[in-house]
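Chemist: Just dropping this structure here.
The values are calculated or read from the model by the stated rules, or taken from the named source; none is laboratory data. In this text, all values refer to a predicted model and were calculated from it rather than measured experimentally. Cβ coordinates were reconstructed from backbone atoms using ideal geometry, including for glycine residues, and neighbour counts include every protein chain displayed.
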Amino acid sequence: MEQNKQNNNSNINIDFWTFLEQCYNNNVKIDLGHLKILTALLHSNSNYVSGEYLKKCIDRDSRGAVHKRIRDLKILGFEIVTKSGNFGGYKLIKIPEWFKLSGY
């Protein structure tokens, strides 16, 4: 249990400038919410993350705000699937080739 806590609190280092360049090239306007959602999905260990949880992560009142950011991430090449129901949510399946992580 303690090991899971440590893994969830580990830092993910995103190559921000490459990320920003891809956003510009794809005409995607980003905010901090995009990065928070992406980080939560990366930390999920291929499990589904609920829309309610992601809504709280980005401090918004509607899941529509989550859906918009998920849509933007898909435009950038992230493969994210959606599953409805009690055990559903969003799951990151594949990251684009241009996306670089260090320390993950």
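Chemist: Which one of LYS29, LYS5, LYS36, LYS91 is surrounded by fewer than 13 Cβ atoms within 10 Å (Cβ to Cβ), among the basic types (Lys, Arg) and modelled with pLDDT of 90 or more?
Modeler: LYS29
Chemist: Do you know which of the residues in region 27-36 that are of a type in the set (A, V, I, L, M, F, W, C) and in a helix (DSSP H, G or I) is farthest from the chain's Cα centre (by Cα)? Steps first, answer last, please.
Modeler: Here is the first cut: in region 27-36, the residues of a type in the set (A, V, I, L, M, F, W, C) are 28, 30, 32, 35.
Keeping just the survivors that are in a helix (DSSP H, G or I) gives 32, 35.
On the way: LEU32: 11, LEU35: 6 Å.
Result: LEU32.
Chemist: Next question, about the same structure. Using beta carbons and a limit of 9 Å, which pairs, at least six apart or on different chains, have the first residue in region 73-93 and within 15 Å of ASN45 (Cβ to Cβ) and without any contact (Cβ under 8 Å) to a residue 60 or more places away in the chain and the second one of a type in the set (Gly, Ala, Ser) and part of a helix (DSSP H, G or I)?
Modeler: GLY89/GLY51; TYR90/ALA40; TYR90/GLY51
Chemist: Based on this model, can you work out whether ASN45 counts as at pLDDT below 95 and not in a helix (DSSP H, G or I)? Outline the logic, then answer.
Modeler: Values: at pLDDT below 95: yes; not in a helix (DSSP H, G or I): yes.
When the stated conditions are applied, ASN45 passes them.
Chemist: Right, another one. Filtering region 73-104 down to residues that are charged (D, E, K, R) and touching a Leu at 6+ places or on another chain (Cβ under 8 Å), which residue is farthest from LYS29 (Cα to Cα)?
Modeler: Filtering region 73-104 for residues charged (D, E, K, R) gives 74, 79, 83, 91, 94, 97, 100.
Subset that is touching a Leu at 6+ places or on another chain (Cβ under 8 Å): 79, 91.
On the way: GLU79: 18, LYS91: 22 Å.
Once the filter is applied, the top-ranked residue is LYS91.
Chemist: Identify, please: which residue in region 62-87 is part of a loop (DSSP other than H, G, I, E, B) and modelled with pLDDT under 90 and is, among those, nearest to GLN22 (Cα to Cα)?
Modeler: The residue in question is SER62.
Chemist: Right, here's the next one. Scanning region 8-26 for residues that are in a loop (DSSP other than H, G, I, E, B) and not charged (D, E, K, R), which turns out modelled with the lowest pLDDT?
Modeler: Among residues in region 8-26 that are in a loop (DSSP other than H, G, I, E, B) and not charged (D, E, K, R), the one modelled with the lowest pLDDT is SER10.
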